[in-house]
1. How many residues does region 30-55 contain that are of a type outside the set (D, E) and closer than 12 Å to S157 by Cβ?
2. What's the total number of residues in region 158-178 that are in a strand (DSSP E or B), surrounded by 15 or more Cβ atoms within 10 Å (Cβ to Cβ) and out of contact with any Leu (no Cβ under 8 Å at 6 or more places or on another chain)?
3. Just a yes or no: is a residue in region 64-81 farther than 20 Å from D155 by Cβ, of a type in the set (K, R), open to solvent by 40 Å² or more (accessible area, probe 1.4 Å) and under 15 Å from the mean Cα position of the chain (by Cα)?
4. Test K137 against the criterion of being basic (K, R), modelled with pLDDT of 95 or more and either closer than 18 Å to T60 by Cα or surrounded by fewer than 16 Cβ atoms within 10 Å (Cβ to Cβ) (or both), and give yes or no.
5. Return yes when V26 is of a type in the set (V, I, T) and in contact (Cβ under 8 Å) with a residue 60 or more places away in the chain and no when it is not.
6. For residues that are touching a Gly at 6+ places or on another chain (Cβ under 8 Å) and assigned to a helix (DSSP H, G or I), tally how many sit in region 38-53.
7. State the number of residues belonging to region 47-60 that are within 15 Å of M93 (Cβ to Cβ) and either buried (at least 16 other Cβ atoms within 10 Å of the Cβ) or in contact with a helix residue (DSSP H, G or I) (Cβ under 8 Å, 6 or more places away or on another chain) (or both).
8. How many of the residues in region 179-206 are part of a loop (DSSP other than H, G, I, E, B), over 15 Å from I252 (Cβ atoms) and out of contact with any helix residue (DSSP H, G or I) (no Cβ under 9 Å at 6 or more places or on another chain)?
Amino acid sequence: MNVFTWSQKELHDFSQTDFYKGGTGVSVGSFDGLHLGHRFLLQELVSKCSSKNIAPGLITFTRPLPAYKHSDDYTGDISTLGQRLRLFEEMGMQFVFIVDFTQDFSGLKGVDFLNILHENLNMKFIAEGIDFRCGYKGATDTQAIKYWAEQNNIDFSFVDPVYYTEADGEEERVSSSYIRKMIQKGFFNTAKELLARPYQIDIEQIKEQGCSTQILPPDGFYSCTDENQKSVRVQIQNHQLVAIPDCKYITILL
């Protein structure tokens, strides 16, 4: 998988790649956790791109957008950028553009953003969730995107949400915010089911940045395994690991 940064130079350089020459299919989002809803969307992207013989790729962000837009009450990421990139590759993405959510980027009009994807990525197909919005203050919704796509001969697909049935029979929409709540409560079985993988803490990121940007479970002691399946016991206190284990990542055992 090829990784690019969202910059004039790399957007221009992309036009020299085989991806551009053959055409691309694109989805845009934070994809925090890469939960069942994200997986359903990306499977749709990969499937449609395969049928059209074009390259599937993503536009994502250095951190999930709530970390920028709601920083005062944001509780943490489910997955780090490094974790998301590995999962994207596993899902069949051929390229990813990483965006720093700067003031200039957030001020882009939706149509201008879509035009950049069309012109610089040779986008021929776009896949998003049915409630996706883009552009300044999220003003460009799926109806506006459909109109733009039809005017520019771009194919599109907007997928419905995925729902999870709780133990009491109530249905809950699978979302990153819901999974954060489950992790905060220590409900690891539910998090594992919604993520289609066990919840993992990125130790490499903590070593690099000196702290965790990920959401952590309640304070206490936890039995974990590292990337080599070696047993690791960790303590979380005041929403941070008390001591950093010598490994790349840890998986909290259920």
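1. Number satisfying all stated conditions: 11.
2. Restricting attention to region 158-178, the residues satisfying the condition of being in a strand (DSSP E or B) are 158-159, 163-165, 171-173.
Now restrict to residues that are surrounded by 15 or more Cβ atoms within 10 Å (Cβ to Cβ): 158-159, 164.
With the extra rule that they be out of contact with any Leu (no Cβ under 8 Å at 6 or more places or on another chain), the set shrinks to 158.
Total meeting the criteria: 1.
3. Looking only at region 64-81, we keep the residues that are farther than 20 Å from D155 by Cβ, and these are 64-81.
Now narrow it down to the ones that are of a type in the set (K, R): 69.
Checking the rest, the ones that are also open to solvent by 40 Å² or more (accessible area, probe 1.4 Å) come to 69.
Cutting the leftovers down to under 15 Å from the mean Cα position of the chain (by Cα) gives us none.
No, region 64-81 contains no residue that is farther than 20 Å from D155 by Cβ, of a type in the set (K, R), open to solvent by 40 Å² or more (accessible area, probe 1.4 Å) and under 15 Å from the mean Cα position of the chain (by Cα).
4. Details: basic (K, R): yes; modelled with pLDDT of 95 or more: no; either closer than 18 Å to T60 by Cα or surrounded by fewer than 16 Cβ atoms within 10 Å (Cβ to Cβ) (or both): yes.
Against the criterion (basic (K, R), modelled with pLDDT of 95 or more and either closer than 18 Å to T60 by Cα or surrounded by fewer than 16 Cβ atoms within 10 Å (Cβ to Cβ) (or both)), K137 does not qualify.
5. Judged against the criteria, V26 is a match.
6. Narrowing region 38-53 to residues touching a Gly at 6+ places or on another chain (Cβ under 8 Å): 38, 41-42, 45-46, 48-49, 52-53.
Okay, now just the ones that are also assigned to a helix (DSSP H, G or I), so 38, 41-42, 45-46, 48-49, 52.
Qualifying residue count for the region: 8.
7. 9
8. The initial filter retains those residues of region 179-206 that are part of a loop (DSSP other than H, G, I, E, B), namely 185-187, 196-199.
Of the ones still in play, those that are also over 15 Å from I252 (Cβ atoms) are 196.
From what is left, the residues that are out of contact with any helix residue (DSSP H, G or I) (no Cβ under 9 Å at 6 or more places or on another chain) are none.
Here the count works out to 0.
The values are calculated or read from the model by the stated rules, or taken from the named source; none is laboratory data. Note that the structure is a prediction, hence the values are computed from the model and not measured. So basically every Cβ, Gly included, is an ideal-geometry build from the backbone, and we count neighbours across all protein chains shown. Note: accessible area is taken over every heavy atom of the protein model, side chains too, but ligands, DNA and RNA are not part of it. Shrake-Rupley method; radii C 1.70, N 1.55, O 1.52, S 1.80 Å.
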